[in-house]
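I have placed the structure first, in the form of structure tokens, so that the comments after it can refer back to it.
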Amino acid sequence: MQQSWVDLEISNGSTFVTVRRYAVPPEGINSDLITVWEGPLLSAPDSDVREPRYYYVGRGGTAQNEGGFHNYLARFLGWELPVVPTYSGKEAPLYLQVLASLFFVEQKQGWSGIVPRMPTQYQIREPLRRSIEFYLKLDVMERARRRSELQQALTVLRAEYSSLRGALDAAAHVSNARVLGASEFGSAAFFRSPLFDAVSGEAEAGTVVTIYRQDQWETLQDALGRLQDEIREASTFVRSRISNDESAALEAGLAQARERLRRITIELQALDDSANMMDMQRGVLEKRRRLLEQEQRRYKDIVALESMGAQFSAHAIAHHDCPTCQQSLDGTESLSGAPVLSTVESAALVGQQLETVSNVINDASVSARANDAARGALEQEASALRAQIRAIQADLEAEAPSISVARLQAKLAAEARNQELIRLRDNAQVIINDLLDAQRRANEIKGELDSLGDEVFTEEDNRKLGRWQRELRDFLSTFSFLVFAPREISIDPQAMRPAHGESDLGFQGSASDGLKLRWAYLLSLVQTSASVSGCHPGLLLLDGPRMYDVEPAAMKSFLRACTQLIGEGGQAQVILTLSEDPAVIHDWLSGCEYGVVNVTERLLA
């Protein structure tokens, strides 16, 4: 056999598509390539359809990337796959392979239990429960999803709070200070009392930061007040008038200091303008980088599809569409006969552009840091110049000091310490405000988390589960389930498994009774999902459901129940493979709507 494939025509109720996958692909085609035509090519082979689109399976990203077939199929079904917790502590989509376990059963191992065997390779916690919650649209799943989002938000906020707390402690440590009233994030005290005993959500850095002096701690506010007193005291001394020559020199020095201060003010304004411009440019560049990253992911999908044999680029060029965004290229300027980049070359070009933009952003960040450092140095110089100007002005007012060197040094030391603590106060105030904001947001998140409560079912959830339980019992009665009275069978709302009393229900009776329970489980889920506007596709694919030599009467009841099953939007579709005599099936399903495809010689799988 040189090649073989399977074509499948499916509809979501409004749109038909035809899907092809090669079992034995021709040369140049990978078996993981999925070809999709938008149209019913099997039932209407002459219909006018567009060129095919290509998707892939069997590799990472099939559920998340645009080129992944499972991503496409979920969107075609109108499903927004929820994100669920995994055993690794991370989150993952509720993959289609997991959900498919509740509408597809293969013959070899699929019937060896009363509930489906769920895939384990995705490490999803409680995959059966999560799938049932999705199919029945239980509120508990939405609350679980929201709880996961909020817990993730708290994790991010914890890191932010830790970073701010570290910055505050580091700033205080430089000035031999400490911080009071900063509770550990997430502790009982953190959620019970405002940080720093803040009033109306505000706290003054001067009362939060304390300074160690002479064997005791004093608040930053008191320390600044004390230093101001020391500076004033050191400034009170007998002064004498200065000479004319000294006055001229002081005037010249004053003019020089004022001119330098003026130039610094201009430079600071220029630095501020430059910083604003760089912030704006970085914003534009960041937006460009995000677009390039999205384009790069699309090109990777295209390269992967082409490596499998898809004619994606040829199709896109033939229809004058961009291969990534599918936007029309009609009307764009081009050079006749100019070389055209291949998909791989285009992907490489996008990668180079992304690298260039990232480098420019990094350079801009370096420039911004240099800009900040320059601004800090100029502000420090300006502060010193202002102090110099005040001193010269005091001297020109005939207040030249007549003071000892020791007293002058004490004044200078007090002024230096005062300036240091003022900077500490200003920096600490910004961080304290951010910490208080982080606590406020954490309390809001914690409040919403607490309002969600435990993973308990709402009244509406219980109504849906009760409906499912009644449907299950009805089907068990129809199939002549004997090991227990059907009215004694319930659905365990935690495990989402059939139960008898307080115990899970396994194969405690005959094998045929276990098979009947499995039938009832699958059919009742479809019926219940349809009645509560759930998400089950209303489709069952059952390979060899007559196992363990189940009695003919039960098989007849099962087949008739399948023809009457209600799914989403109307009658459900049940596809079965059987080895029964067609005449027997016709007898069993007399008066029912069904179809038989009789394979007389061999069955190709």
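The values are calculated or read from the model by the stated rules, or taken from the named source; none is laboratory data. The shown structure was predicted, so the numbers you read here are calculated from the model rather than taken from an experiment. Cβ atoms come from the backbone with ideal geometry, glycine included; neighbour counts cover every protein chain shown. Ligands, DNA and RNA are stripped out before the accessible areas are found, and what is left, the full protein with its side chains, is counted by its heavy atoms. Shrake-Rupley method; radii C 1.70, N 1.55, O 1.52, S 1.80 Å.
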**Message:** For the list (1) in contact with a Ser or Thr (Cβ under 7 Å, 6 or more places away or on another chain); (2) charged (D, E, K, R); (3) free of Cβ contacts under 8 Å to residues at least 24 places away in the same chain, I need the number of the one condition that D197 fails.
**Reply:** (1)
**Item:** Matching residues, region 11-25, being free of Cβ contacts under 8 Å to residues at least 40 places away in the same chain and either in contact with a strand residue (DSSP E or B) (Cβ under 6 Å, 6 or more places away or on another chain) or surrounded by fewer than 16 Cβ atoms within 10 Å (Cβ to Cβ) (or both)
**Value:** S11, S14, T18, V19, R20, R21, Y22, A23, V24
**Asked** Quick one: V357 ticks every box in (1) over 30 Å from R20 (Cα atoms); (2) modelled with pLDDT under 85; (3) surrounded by 17 or more Cβ atoms within 10 Å (Cβ to Cβ) bar one, so which box is it?
**Response** (2)
**Filtered residue count, region 89-119, keeping only those that are closer than 22 Å to N65 by Cα and either without any contact (Cβ under 8 Å) to a residue 40 or more places away in the chain or open to solvent by 20 Å² or more (accessible area, probe 1.4 Å) (or both)** = 11
**Request:** Quickly run through region 394-412 and pick out the residues that are open to solvent by 60 Å² or more (accessible area, probe 1.4 Å) and either at positive phi or at pLDDT 75 or above (or both).
**Result:** L412
**Request:** Only residues that are open to solvent by 70 Å² or more (accessible area, probe 1.4 Å) and of a type in the set (D, E, K, R): list them for region 260-281, please.
**Result:** R262, R263, E267, D273, D279
**Of all residues in region 441-486 being under 16 Å from M141 (Cα atoms) and outside any helix (DSSP H, G or I), the one that is modelled with the lowest pLDDT** = D454
**Message:** For the structure I just gave you, tell me whether R75 is surrounded by fewer than 15 Cβ atoms within 10 Å (Cβ to Cβ), in contact (Cβ under 8 Å) with a residue 60 or more places away in the chain and either within 30 Å of the chain's Cα centre (by Cα) or not in a loop (DSSP other than H, G, I, E, B) (or both).
**Reply:** no
**Request:** Out of G538, G569, report the one residue that is at positive phi, modelled with pLDDT under 90 and not charged (D, E, K, R).
**Result:** G569
**Request:** Hey, can you tell me all the residues within region 478-496 that are surrounded by fewer than 19 Cβ atoms within 10 Å (Cβ to Cβ), in contact (Cβ under 8 Å) with a residue 40 or more places away in the chain and under 14 Å from G514 (Cβ atoms)?
**Result:** S480
**Message:** Which pairs turn up if I take residues in region 592-605 that are within 18 Å of V574 (Cα to Cα) and part of a loop (DSSP other than H, G, I, E, B) and look for partners that are among the polar types (S, T, N, Q) and at pLDDT below 85 with beta carbon separation below 7 Å, at least 6 apart in sequence or on another chain?
**Reply:** none
**Message:** Whether any residue in region 545-558 is of a type in the set (A, V, I, L, M, F, W, C), assigned to a helix (DSSP H, G or I), at pLDDT 90 or above and under 44 Å from the mean Cα position of the chain (by Cα) is what I want to check.
**Reply:** yes
**Prompt:** Among the numbered criteria (1) assigned to a helix (DSSP H, G or I); (2) open to solvent by 20 Å² or more (accessible area, probe 1.4 Å); (3) modelled with pLDDT of 85 or more; (4) more than 21 Å from Q64 (Cβ to Cβ), which single criterion is violated by I132?
**Reply:** (2)
**Item:** Enumeration of residues in region 177-234 that are of a type in the set (S, T, N, Q), modelled with pLDDT of 85 or more and surrounded by 15 or more Cβ atoms within 10 Å (Cβ to Cβ)
**Value:** T207, T210, T219, Q221
**Asked** Can you tell me which residues in region 35-55 are open to solvent by 60 Å² or more (accessible area, probe 1.4 Å) and not acidic (D, E)?
**Response** L42, S43, P45, R50
